[in-house]
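The values are calculated or read from the model by the stated rules, or taken from the named source; none is laboratory data. Keep in mind that what you see is a predicted model, and the values were worked out from it rather than measured. Here the Cβ is made from the backbone with ideal geometry for all residues, glycine too, and neighbour counts use every protein chain on show.
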Amino acid sequence: MKWIWQQSDWPNFRYDRRALEDREFKFRLNSERLAGRFDALSVASREEVTVDLMLSEAIKTSSIEGEDLDRESVRSSLLSLIASDMLPENTDQKSAGAASLLVDVRKKWQTPLTHELLGKWQSMAVPEQRYTSLLRGTYRNDPSPMQIVSGSYGWEKVHYEAPPAARIPDEMTRFIDWYNQTSQLDENRRLAGIAKAGIAHLWFEVIHPFDDGNGRVGRAIADHALSHSLGYPTTACLATAIESDKKLYYQQLESASRGSLEVNVWLNYFADTIIRAQNIAREEVDFVLSKTRFYEAYGDQLNKRQAKMVSRVFKEGRKGFEGGITTRKYEVITKCPNRTASRDLSDLVAKGIIRPLPGGGRITRYELTVMPVSSPSP
């Protein structure tokens with residue numbers, strides 16, 4: 001037998017609960033500390049960081065599947081959906097779908113899974129397209145094998161083959177029943193958050209019930225499971241963490257889909273990825289908090305050109321302004337002459353608002369003096 005769904009004991013996944021206890025504890029502790037960091041933000045800053053986290057997830061969950069989305073289109077869709085449950089007019093369909101999926105998963109974290117809900121999420125992940133036979137909102141029914149294949153014609157490598165379409169309704173009913181039963185308050189049935197999310201994601205991907213969008217829906221299910229275990233929507237950037245090494249993600253999925261139903265290796269990878277996802281979220285929250293403190297300290301000391309430059313630097317996000325601030329960049333961004341740029345930058349240095357970067361060579365490069373955030377997560 002080649003695939004785990006062909007095993008006689010499918011789908012009785014086995015794993016060592018004790019091996020996950022330390023990371024389950026860390027996941028919950030990190031979640032509490034992230035919640036505390038959110039509480040330290042103003043309402044406006046809290047909304048900003050929530051949108052930024054969801055924006056990253058929408059972009060990255062599509063990137064894992066090889067699709068590039070327009071960042072500003074996704075942001076516009078997220079802001080509109082959060083504010084009014086409406087999409088902006090003339091928005092890009094892929095961006096709108098990615099944003100809709102993220103918002104719906106977040107809003108429905110308490111809702112049990114159903115065939116209809118998963119179909120809705122798949123329709124969001126795979127917007128309607130002309131001249132395609134892909135099914136949307138319903139399970140695949142093509143009797144030909146559903147395979148994940150790489151390589152050129154004649155040299156194909158089959159990485160995975162899913163259960164035949166005729167089995168999908170029963171397989172999905174069994175999966176949904178398990179998922180909802182293990183979400184109950186009964187301690188004998190309830191699973192720890194990381195184990196539940198990891199097994200649910202793997203199980204769903206093994207079934208591969210849809211023609212397309214299985215990866216995006218599967219990661220949405222994992223987010224849903226984590227949120228349900230916490231009792232509030234998770235801020236962990238799971239797709240962002242996965243996308244940073246998506247080759248390893250696919251290797252782990254492929255390996256877990258073969259052989260036995262013992263899934264310790266998969267859950268070990270998945271647990272580490274969740275902790276890394278929380279660290280990404282913490283960095284994003286700390287970035288917004290630092291930005292807020294920066295403007296509280298220096299906002300009224302900036303002229304219009306300086307304010308425009310600072311805004312442009314912050315727009316780059318937590319990873320920072322590549323190459324630092326230079327006189328030439330200041331000229332281009334603020335559309336001012338060299339002499340004015342030099343004078344403005346000297347003024348910022350004198351006020352302690354920017355500082356020179358070490359090792360700049362002939363060109364002086366600067367960075368913003370940001371306010372540190374205390375009590376980092378372990």
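For the stretch 80-97, taking the residues that are aliphatic (A, V, I, L, M) and assigned to a helix (DSSP H, G or I), the one that is surrounded by the fewest Cβ atoms within 10 Å (Cβ to Cβ) is identified as ALA83. Among the residues of the stretch 328-351, which ones are touching a residue at least 12 places away in the same chain (Cβ under 8 Å), of a type outside the set (A, V, I, L, M, F, W, C) and under 17 Å from THR369 (Cα atoms)? Passing the criteria: TYR330, ASP344, ASP347, LYS351. Among the criteria (1) over 22 Å from THR240 (Cα atoms); (2) modelled with pLDDT of 95 or more, the one LEU101 does not fulfil is (1). When ASN30 is tested against (1) part of a helix (DSSP H, G or I); (2) closer than 21 Å to LYS291 by Cα, exactly one condition is not met: (2). Of all residues being of a type in the set (Val, Ile, Thr) and part of a helix (DSSP H, G or I) in the stretch 131-178, which is surrounded by the most Cβ atoms within 10 Å (Cβ to Cβ)? Just the residue, please. Ranking the candidates gives ILE168 first. In the condition set (1) under 27 Å from PHE314 (Cβ atoms); (2) buried (at least 20 other Cβ atoms within 10 Å of the Cβ), SER100 is compliant with all but (1). Any chance you could count how many residues in the stretch 113-122 are under 14 Å from ASN180 (Cα atoms) and surrounded by 14 or more Cβ atoms within 10 Å (Cβ to Cβ)? Qualifying residue count for the region: 4. Every listed requirement among (1) of a type in the set (Gly, Ala, Ser); (2) under 22 Å from GLU24 (Cβ atoms); (3) not in a loop (DSSP other than H, G, I, E, B) is met by ALA236 save one, (3).
Scanning the stretch 45-68 for residues that are more than 14 Å from the chain's Cα centre (by Cα) and either modelled with pLDDT of 90 or more or of a type outside the set (Lys, Arg) (or both) returns SER45, GLU47, GLU48, GLY66, GLU67, ASP68. When each of ALA281, ALA307 is tested for being assigned to a helix (DSSP H, G or I), touching a residue at least 60 places away in the same chain (Cβ under 8 Å) and not basic (Lys, Arg), the lone residue that passes is ALA281.
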